[in-house]
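Visitor: The structure is given below, and queries will be raised subsequently.
We did not get these values from a lab; they are worked out from the coordinates using the rules stated. The structure presented is a predicted model; accordingly, all values stated were derived computationally and were not measured. Cβ: placed from backbone, ideal geometry, glycine included. Neighbour counts: every protein chain shown.
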Amino acid sequence: MRLLRQITLLPARLTLNETDSKSSKGEIMKPKGITRRDFLKGSTSAALAGVFYLSLPGKLSAQPGEKTRVILIRNQDVLDELNKPDDAVLARMLDDAVTTLLDEEKPLEAWKRLIKPDDIVGIKTNIWSYLPVPPGLEQAIRNRAIDVGVAKKNISIRDRGLLTDSVFQKASALINVRPMRTHYWSGVGTLIKNYIMFVDNPPSYHPDTCADLATIWKLPLVKGKTRLNILVMLTPLFQGSGR
């Protein structure tokens, strides 16, 4: 299993305790490690605080006792008075998160450690009309893949129709991005659930509060391909209202 690392993106007015933290002014707090077991036990509370999950390519392992580094990126200017995200600020926050996580000074050097020029990249987004992934964030991810050297024809941004999308069918790298919200069956809609569109009968995964969702990650189209998981926590949805 690849080493799972975690970065967090949220407005400055929201807070998350016990993480590495980088504010809109660029200050970084000292890391406070948590074990993989702690992470799994506390996944709900961590997600509610606003999380980017990152799995790095390569021969990195996550054995019991190894720690997950948590990165928190905040920027007070990411949302305007109507809660509309600023695309330029979003792009900077994404770069700040990746460079901080990988201890790189230059964003492009950090992205080169995640994606290679010969990769075929599927960006799994979420288009739920009430709380979709900000288009500016989708484009920021796509632009960085292009900057690394990935051909435009080898990049696809999509939520549904993955089983008929030629890029996703041949993808060597997946980037998983979605907002955080409540869900009638699973309780919360997060990154694990975002891959439900990789199956031809999504409702079959709804029984028992969607208990089998994680098995989707073992399917050939998905297994071992996820390079970056991004849970957007700018305006998380709780009981029908964005907060």
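Visitor: Between their Cα atoms, which of Lys152/Lys223; Lys106/Lys152; Lys84/Lys218; Lys112/Lys153 are more than 29 Å away from each other?
Guide: With Cα atoms farther than 29 Å apart: Lys84/Lys218.
Visitor: How much of the DSSP beta bridge set in the range 97-201 is antiparallel, as a percent to the nearest 5?
Guide: Beta bridges within the range 97-201, antiparallel portion: roughly 25 percent.
Visitor: Of Lys170, Lys112, how do they rank once you tally other Cβ atoms within 10 Å and put the fewest first? Write down the numbers at each step before the final one.
Guide: Values: Lys170 12, Lys112 17.
Going from least to most buried by this count: Lys170, Lys112.
Visitor: Short version: ³J(HN,Hα) in whole Hz for each residue of the range 199-209, in order, from phi by Karplus 6.51 cos²θ - 1.76 cosθ + 1.60 (θ = phi - 60°), x for Gly and Pro, what are they?
Guide: Once rounded to whole Hz, the list reads 10, 7, 9, x, x, 5, 9, 7, x, 6, 6.
Visitor: Counting other Cβ atoms within 10 Å, keep those with at most 13, restrict to DSSP loop, and tell me which GluC sites (Glu not before Pro) in the range 89-134 are left.
Guide: Loop-located and lightly packed - Glu105.
Visitor: Can you work out ³J(HN,Hα) from phi for every residue in the range 90-95, in order, using Karplus 6.51 cos²θ - 1.76 cosθ + 1.60 and θ = phi - 60°, giving whole Hz and x for Gly and Pro?
Guide: 4, 4, 5, 5, 4, 5
Visitor: Amide H of Asn229 versus every other amide H placed in the peptide plane: which residues, excluding those fewer than 5 positions away on the same chain, fall under 5 Å?
Guide: Sorted by chain and number, the residues that satisfy this are Tyr53, Leu54, Ser55, Asn176.
Visitor: For the range 142-153, just list the computed ³J(HN,Hα) in residue order, Karplus coefficients 6.51, -1.76 and 1.60, θ = phi - 60°, integers in Hz, with x standing in for Gly and Pro.
Guide: In residue order, the calculated couplings are 4, 4, 5, 5, 5, 4, 5, x, 6, 5, 4, 5 Hz.
Visitor: Would the range 67-144 count as rounded, prolate or oblate if I go by the C-alpha gyration tensor, calling it rounded below 1.5 in a/c and otherwise prolate when a/b exceeds b/c, oblate otherwise?
Guide: Oblate is the answer for the range 67-144, as a/c is 1.5 or above yet b/c matches or exceeds a/b.
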